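What follows is a single structure, written as structure tokens, with notes after it.
The values are calculated or read from the model by the stated rules, or taken from the named source; none is laboratory data. Values in this document were obtained by computation on a predicted structure and should not be read as measured data. Every residue, glycine among them, receives a Cβ derived from its backbone with ideal geometry; neighbour counts consider all protein chains shown.
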Amino acid sequence: MRLEVKKTYKLFIGGKFPRSESGRVYIVNNHKGVFLANVAKASRKDVRDSVVVARSAQSGWAGATPYNRGQILYRIAEMLEGRREQFVAEIRELTGQNEKQANQEVDSAIDSWVWHAGWTDKIDAVAGNMNPVAGPFFNISTNQPTGVVAAFAPQDSSLVGLVNTIAPAIVSGNSIIAISSETLPICAVTLAEVLETSDLPGGVVNILTGNASELGSWLASHLDVNAIDLEGTSNAAELEMLAAENLKRVIRKGSYSRTGATGSLQHILDLMETKTVWHPKGH
Amino acid sequence: MPTIDPEAVVGSRITNQSLSRWLHSLPGVDKVGLEARTASLGTRSIKTASKAWALDMAIQMMDLTTLEGADTKERVRSLCLKAITPDPTDLTTPQPAAICVYGDMVKHAKEALGKNKIHVAAVATAFPSGRASLPVKIADTKDAVNAGADEIDMVIDRGAFLSGNYLEVYKQILAVKAACLRKDGTRAHLKVILETGELETYDNIRRASYLAMLAGPDFIKTSTGKVSVNATLPITLLMLQAVKDWFDQTKIQIGVKPAGGIRTAKDAIKYLVVVKETAGEEWLTPKYFRFGASSLLNDVLMQRQKLTTGHYSGRDYVSVD
């Protein structure tokens, strides 16, 4: 008989796996209400540190070619596929879904990465435009990532909801601080391990486990966060007001479905800015 | 101001031999103890009112620096304007102690600062390498002083120091100090840069500190910011011990300036804790402690904004430099 190896569930900040700065953990139970694990409980200072690394990683990620970003997103799908069994087991333990349902959720998560990987070099082809103007100018609108995104993943989904929250943000070159579901955080930490081994530059995706209400106001009022996705929050109205104070882009709760194998182009565009260039034409 | 008799301190006539004997009789540095001491001081938590005080003090102790080959008159001017109004959204923000530039930029800095009390510090003596003959170093210093520099940051000759030629180093500091005299009889403040990153050992840093102090500067400074190892907390602690011991022995108070690599408000506060605990509160003033830094100011301003507004600030809310 050998001793069981217990896992320490930690945060994912700047490509590393630190414990919470506060040293706090909280208990996660399985679907039967039995103790499953102690998970790191992120504090406001973990939020602060995440924003700093997300900001410094963002320009490099946005500067990578869309083709390169697509490859990396596809690589995430590959790595996720390789960990399928672990994800299935974790989903079943956490939510009590049967094997078929759990496999379907992992399928959706993988397919969603592939779907988003395909969009990296097509966003501008579809959503950019050559505008007709009354003057001797080329007038071109292109889409740029908005910057640092803070996002609260849906509380009722362990994996696919988180994937459909992260992927639409990073596909265009944003970096993200994602707060996982509070009661279903195990897959989030495993997803972080997948991201860490997928050539994704450190800091582009940061995943925090903990209480959304505790962290929400710090992210909504943070002047260095450009957009906030309120899907998994319970005090969305209050956070919308805080976000309005500093002109953040806001994705309101319930705007998009997060359960499918495909996302939404509008969701991607919600986290982008339109840049219009006037270029003189020859006479 | 009290003066010292170097011969009395060294214990004989100043020769390379006597300097060598004196410096090598200094106690060796306990590396493990020094680093453990700084690590434990670095964990101290400074909050709320103390933090607000520390942030304001850090700004007042700052020598806002631009020392790039690509410096222009305009860049120096914009740095000066930043020093005059560090945070336009909060006019209670204090001003830094000085602007630190190359000698040829002194006149532009002076012009931009106008009647403000902010000093202009100039690096001189073939900064950062210090590889030039003494007449060139003296001319470099005089040029900056004549252009109106309030403070001179000189580098020591590390080559001479490392090869044991202490007398040469000592004489050069004396010569540069003499060159700091203005026509009206006042003297520009002198900071002596030891370039600790090139001195290899803590023992050497202690010796270099004492050798520099013997020549009577106003400050000893860690680094130029141009080599891979710049100011660190242990080195600063070591130099603070040196100035404190020197004060106890001679009643002459000399300042310390760590420079290079201090980028965050958190780091700056750690330095202030080390100053308070090593040299004492007499050093906790811009007159006796300075930070040589360029990007530090923005981080301190962001932390200051966080304290006054209650929410985190971002780089878009402080000036680009």
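Checked against the criteria, A:Gly118 does not count as in contact with a His (Cβ under 6 Å, 6 or more places away or on another chain) and either of a type outside the set (Gly, Ala, Ser) or in contact (Cβ under 8 Å) with a residue 12 or more places away in the chain (or both). Applying the condition of being in contact with a helix residue (DSSP H, G or I) (Cβ under 8 Å, 6 or more places away or on another chain) and surrounded by 14 or more Cβ atoms within 10 Å (Cβ to Cβ) to the range B:308-321 and asking which residue is farthest from the other protein chains (Cβ to nearest Cβ) yields B:Ser319. Looking only at the range A:125-174, how many residues end up being more than 30 Å from A:Arg92 (Cα to Cα), in contact with a Phe, Trp or Tyr (Cβ under 9 Å, 6 or more places away or on another chain) and either of a type in the set (Ser, Thr, Tyr) or buried (at least 24 other Cβ atoms within 10 Å of the Cβ) (or both)? Within the range A:125-174, residues that are more than 30 Å from A:Arg92 (Cα to Cα), in contact with a Phe, Trp or Tyr (Cβ under 9 Å, 6 or more places away or on another chain) and either of a type in the set (Ser, Thr, Tyr) or buried (at least 24 other Cβ atoms within 10 Å of the Cβ) (or both) number 4.
Taken together, the criteria place B:Leu19 among residues that are buried (at least 19 other Cβ atoms within 10 Å of the Cβ), assigned to a helix (DSSP H, G or I) and out of contact with any Pro (no Cβ under 7 Å at 6 or more places or on another chain). In summary, A:Trp115 fulfils each of the numbered conditions (1) away from chain B (no Cβ under 14 Å); (2) over 18 Å from the mean Cα position of the chain (by Cα); (3) buried (at least 16 other Cβ atoms within 10 Å of the Cβ) with the single exception of condition (2).
Yes or no, residue by residue, for (1) part of a loop (DSSP other than H, G, I, E, B); (2) surrounded by fewer than 22 Cβ atoms within 10 Å (Cβ to Cβ); (3) among the polar types (S, T, N, Q); (4) modelled with pLDDT of 95 or more:
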residue: B:Asn230; (1), (2), (3), (4): yes, yes, yes, no
residue: B:Thr236; (1), (2), (3), (4): no, no, yes, yes
residue: B:Lys244; (1), (2), (3), (4): no, yes, no, yes
residue: B:Gln253; (1), (2), (3), (4): yes, yes, yes, yes
residue: B:Val300; (1), (2), (3), (4): no, no, no, yes
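Considering only residues in the range A:239-271 that are in a helix (DSSP H, G or I) and within 14 Å of chain B (Cβ to nearest Cβ), the one that is nearest to A:Leu162 (Cα to Cα) turns out to be A:Leu239. The strands (runs of 3 or more DSSP E) located wholly in the range B:101-215 include none with 3 or more residues which are over 20 Å from B:Asn16 (Cβ atoms) and modelled with pLDDT under 95. Number of residues in the range A:221-242 that are more than 15 Å from A:Asp46 (Cα to Cα), of a type in the set (A, V, I, L, M) and buried (at least 23 other Cβ atoms within 10 Å of the Cβ): the value is 4.
Of the residues A:Leu239, A:Leu200, A:Leu195, A:Leu247, the single one that is farther than 30 Å from A:Val39 by Cβ and either of a type in the set (Ser, Thr, Tyr) or out of contact with any Asp or Glu (no Cβ under 8 Å at 6 or more places or on another chain) (or both) is A:Leu247. Mind listing just one residue for me: the one in the range B:265-298 that is within 13 Å of another protein chain (Cβ to nearest Cβ) and in a helix (DSSP H, G or I) and, of those, nearest to B:Lys82 (Cα to Cα)? Out of the qualifying residues, it is B:Asn298. Looking only at the range A:215-232, residues that are in a helix (DSSP H, G or I), among the aliphatic types (A, V, I, L, M) and facing chain B (nearest Cβ under 8 Å) come to 0 in all.
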